[in-house]
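The values are calculated or read from the model by the stated rules, or taken from the named source; none is laboratory data. Predicted model only: the values in this text are computed from it and were never measured. Cβ: placed from backbone, ideal geometry, glycine included. Neighbour counts: every protein chain shown.
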Amino acid sequence: MSLAVHQAKLGLQGEEIADQIDAMTDSLRRIAADLRPPGLDDLGLEAALEWLVESFERRHGISVGLKVDGDIDGFSELTTISLYRIVQEALTNVARHANASEVNVDLSTDDRSCRLSIADDGDGLPASSPRADAFGLMGMHERAAQLGGTLAIKSESGVGVQITLVAPLARIRNK
Ligand SMILES: Nc1ncnc2c1ncn2[C@@H]1O[C@H](COP(=O)(O)OP(=O)(O)O)[C@@H](O)[C@H]1O
Ligand SMILES: [Mg+2]
């Protein structure tokens, strides 16, 4: 291959690479925006949850009790984002699937662990297995695992669904 052709080829590849980097930067920006819920950094976890719960109540007419108990300060950024996103996805599910009139969100700590529970008084999970493209509950399990914790989903027909995350403080607090 002549030098000129070689250089022309490299130039083209360079452009393609630049385009790809642009596209990657865009998608990274979108992912980062998704990872970092707006307001969470400024408000802190408790106020961000209050805001989330109030807008959910206004929008869906389902009343939500939010209780925060214990010392929830000093959680890592990954932890606050994960807790926020789990509550957000659980509430979205309640609005879409549950037929509930009430939800209780409880966040608490003891000397070892953090516990998050979201419980509704709706229909409970359907008997059939979820659609293959249902990623909400799966995502919650993944987020829990990332925190070194466990997520349990309890459901009783006509009583409702309760999602409970337990994660060890030693893992989720900023050292
Ligand atoms: N709180 C709930 N009450 C009743 N059913 C629920 C609830 N949360 C989830 N489900 C059921 O579990 C399925 C899977 O939920 P999810 O993984 O979040 O996917 P998606 O919300 O996209 O359907 C839902 O399609 C719904 O049938
Ligand atoms: Mg969902």
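Among the residues of segment 97-113, write down those that are outside any helix (DSSP H, G or I) and out of contact with any Lys or Arg (no Cβ under 9 Å at 6 or more places or on another chain).
Answer for segment 97-113, where residues must be outside any helix (DSSP H, G or I) and out of contact with any Lys or Arg (no Cβ under 9 Å at 6 or more places or on another chain): Asn99, Ala100, Ser101, Glu102, Val103, Asp110, Asp111, Arg112, Ser113.
Which ones in segment 43-96 are within 16 Å of ligand 2 (Cβ to nearest atom) and either aromatic (Phe, Trp, Tyr) or in contact with a Pro (Cβ under 8 Å, 6 or more places away or on another chain) (or both)?
Passing the criteria: Phe56, Tyr84, Arg85, Gln88.
All but one of (1) farther than 23 Å from Ser55 by Cβ; (2) in contact with a strand residue (DSSP E or B) (Cβ under 6 Å, 6 or more places away or on another chain); (3) of a type in the set (Ser, Thr, Tyr) hold for Thr109; state the number of the condition that does not hold.
Going through the list (1) farther than 23 Å from Ser55 by Cβ; (2) in contact with a strand residue (DSSP E or B) (Cβ under 6 Å, 6 or more places away or on another chain); (3) of a type in the set (Ser, Thr, Tyr), Thr109 breaks only (2).
Only one of Leu78, Leu49 is crowded, with 18+ Cβ neighbours inside 10 Å, in contact with a Leu (Cβ under 9 Å, 6 or more places away or on another chain), part of a helix (DSSP H, G or I) and of a type in the set (A, V, I, L, M); which?
None of the other options fit; the residue is Leu49.
Kindly establish whether Ala152 is modelled with pLDDT of 95 or more, touching a strand residue (DSSP E or B) at 6+ places or on another chain (Cβ under 7 Å) and surrounded by 19 or more Cβ atoms within 10 Å (Cβ to Cβ).
no
I'd like the residue in segment 124-149 that is away from ligand 2 (no atom under 14 Å from the Cβ) and out of contact with any helix residue (DSSP H, G or I) (no Cβ under 6 Å at 6 or more places or on another chain) and, out of all such residues, is nearest to Val64 (Cα to Cα).
Looking at residues that are away from ligand 2 (no atom under 14 Å from the Cβ) and out of contact with any helix residue (DSSP H, G or I) (no Cβ under 6 Å at 6 or more places or on another chain), I get Gly124.
Since Arg59 meets every condition but one in (1) surrounded by fewer than 16 Cβ atoms within 10 Å (Cβ to Cβ); (2) in a strand (DSSP E or B), which condition does it not meet?
Going through (1) surrounded by fewer than 16 Cβ atoms within 10 Å (Cβ to Cβ); (2) in a strand (DSSP E or B) one by one, Arg59 breaks only (2).
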